[in-house]
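The values are calculated or read from the model by the stated rules, or taken from the named source; none is laboratory data. Everything numeric here is computed off the predicted structure, so don't read it as measured data. We place every Cβ from the backbone using ideal geometry, glycine too, and count neighbours over all the protein chains shown. Keep in mind that these areas ignore ligands, DNA and RNA; they rest on the heavy atoms of the full protein, side chains included. Shrake-Rupley method; radii C 1.70, N 1.55, O 1.52, S 1.80 Å.
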Amino acid sequence: MEGSQSLEEHPYIPRDLKLPGFVPGVLSQSTIIGFYAVSSLLVVSTIFVLSGRSPKRSKTERWLMCWWAFTGLTHMILEGYFVFSPEFYKDKTACYLAEVWKEYSKGDSRYAARDAGVVAVEGLTAVLEGPASLLAVYALATGKSYSYILQFAISLGQLYGTAAYFITSWLEGDNFAASPFYYYAYYIGANASWVVIPTLISIRCWKKICAAFQVQGQKKTKVR
């Protein structure tokens with residue numbers, strides 16, 4: 001009975017998705033999004049203020065530090081929780097992280113269904129790209145020589161992961177959202193930043209790396 005009841009009551013598409021033991025979310029959409037927005041704003045503002053202590057650091061670099069701190073913590077905390085909590089939809093404690101994924105699954109039920117492709121992409125993102133993003137903050141803060149290469153590598157990884165995420169959904173029918181609102185707000189809107197920003201960072205880093213090699217080549221020519 002519990003399985004059939006869960007089948008009837010969960011809000012996800014397809015309707016015949018089996019989620020035995022499903023417990024409806026407790027927190028409202030506004031509470032979930034509001035807390036995430038405030039927490040993200042706190043992280044970004046803190047990093048931006050602290051990064052301004054060095055007069056040598058440009059505003060672009062300061063904003064990049066904010067982005068890498070934000071995306072790194074998102075990867076490690078939110079996505080990390082999803083990867084290592086396979087039965088989050090059964091949570092009865094109103095745990096915020098479980099509530100986030102119960103809500104987001106309305107835009108992509110593959111999360112509630114533990115789709116293998118999604119779990120793999122999110123797992124690599126949480127374990128590799130999360131820590132690497134925080135390393136990028138350190139690299140920018142200390143002016144490490146590997147900063148551009150690191151940012152370029154992470155950005156390509158994010159673009160690859162996002163592409164795999166969208167393509168696998170399309171190949172499987174692209175019918176995992178509870179409504180057009182959730183499709184565009186969650187599935188499209190929530191992931192747009194990880195397409196636009198990594199693309200811009202990749203272009204910037206590519207130019208910086210090419211310029212560095214060009215200068216190095218000119219120095220070798222002069223020496224000869």
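Overview of values
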{"item": "Apportionment of accessible area to carbon and sulfur, region 66-224, percent (1.4 Å)", "result": "69 percent"}
{"item": "Helix 130-142 axis, angle to the chain major axis (alpha carbon atoms, nearest 10°)", "result": "30 degrees"}
{"item": "Net charge, E129 excluded, C-beta distance under 13 Å - Lys, Arg +1, Asp, Glu -1", "result": "-2"}
{"item": "Karplus-derived 3J(HN,Hα), 6.51/-1.76/1.60, for each residue of region 16-22, Hz, glycine and proline x", "result": "8, 5, 8, 10, x, x, 4"}
{"item": "Dipole axis of region 68-186 (+1 Lys, Arg; -1 Asp, Glu on Cβ), positive-most option in L134, S169, L156", "result": "L134"}
{"item": "Peptides 127-140, 95-108 ordered by average Cβ neighbours within 10 Å, highest first", "result": "95-108, 127-140"}
{"item": "Angle between the chain longest axis and helix 147-171 axis [Cα atoms, degrees, rounded to 10]", "result": "30 degrees"}
{"item": "Read-out volume of the Cα convex hull per residue in Å³, derived from the coordinates shown; its label in (i) 156; (ii) 117; (iii) 129", "result": "(iii)"}
{"item": "Angle between the chain longest axis and helix 59-73 axis [Cα atoms, degrees, rounded to 10]", "result": "30 degrees"}
